Amino acid sequence: MTGFRLLLIAVILIDGAAWGGLYTVAKATIERGGHPLGVAVYEGLGSGVLLLAACLLSGRRLPMSLADMRFYLINGMLGVSLPAVAIFAAAQHLPVGIVTLFFAMVPVLTYGFALVVSMERVDTMRVGGLFCGLAGMLLIILPDTSLPDPSAAGWVLIGFAACSFYGVQNIYMAKRTPAHMDVLMMAAGSMLFGGGVLLPVAIATGTAIVPWPPADPVVLGAAGVGVINCAAVMLFFWLVRASGPVFASQTASTTLLAGVIFGYVLFDERLSPWVWGAIALMALGVLLVRPRNTGLAVQAAENRL
């Protein structure tokens, strides 16, 4: 195993754990009184400000042509504005382990979307992985005893629908990222525009989280979401550039594992046998949709970087 392959695996593990922690912190912040929309502003705009500062400190200027701003807006909408509010809202009603389970569907959905736009070929085994992922989703939604509160099944559907935007974002980044834009620029612009769209809505609806007093648990939690997302987004965007969207989206597996562990340790969550069955099916789905030629993909990435 090459050093570069080990690096990719390490980044996938670290990035997934960071996102699992992000949704744990977000749930705790919302339970303390933060609104999902207000937390989403920090996830996007807050991390965007940090990324912009990193750009400026490293001597980079953010490209701001009309085409660049259109890319930032679309990428930010797909990766922040549209899914974040829905997922944070769902987190109010669902265990952290199930919230992060949504992300096990990201590599599966990414492969499905890649088929639609002809970025991937039809492969029987990988299509089987797609069906495994969908079957896992049904195991959570259909049985009455799969969730602590059966009436929360609608929030599961909302969460899965929201996460489909991440699959679309993976494809969009791979196909539309401007050649003159590096990972740091892309991350900063996308977060600033994605979170910036939400800020006036949060202010108008009275759901914005004012960053004062700084020691308030809600403020600390929202700020933590922004800091964690800043690091996780940089790592993930680098992975997409380095290894392609399907390989990079496998951070969903470690996100799921981290979410289950954090939920058990911090919230004393106990998942039903149906949910464990869904986890097994989705893990199998992720395994099956993995590109078979990852060795070639990694070698090509080494040559590019």
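Values in this text are rule-based calculations from the coordinates and carry no lab data. Please read these numbers as outputs of a predicted model, since none were measured by experiment. Ideal geometry is used to build each Cβ from the backbone, glycine not excepted, and the neighbour counts take in all protein chains shown.
Quick look at the values:
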item	result
Cα gyration tensor category, rounded, prolate or oblate, for the range 1-65 with a/c compared to 1.5	oblate
Stretchable slack from R176 to Q92, in nm (0.36 nm times residue separation minus alpha-carbon distance)	26.8 nm
Peptide ranges 147-154, 136-143 listed from the most packed, as the mean C-beta count within 10 angstrom indicates	136-143, 147-154
Calculated [θ] (222 nm, deg cm²/dmol) that DSSP helices of n ≥ 4 give over the chain, each run adding -39,500 (n - 2.57)	-24000 deg cm²/dmol
Cα centroid separation, the range 196-221 to the range 154-179 (Å)	25
Among 257-270, 93-106, 57-70, the order from most to least packed when residues are scored by Cβ within 10 Å on average	93-106, 257-270, 57-70
Centre separation in Å (Cα based) which lies between the range 223-283 and the range 1-57	11
Cα gyration tensor shape of the range 179-261, rounded if a/c is under 1.5, else prolate or oblate by comparing a/b with b/c	oblate
Extreme residue, positive dipole direction of the chain, given options Y264, A215, G3 (C-beta unit charges)	G3
Surrounding net charge for V233, when Lys and Arg each add one and Asp and Glu each subtract one, Cβ distance under 14 Å	-2
Rounded if a/c under 1.5, otherwise prolate or oblate - the chain, Cα gyration tensor axes	oblate
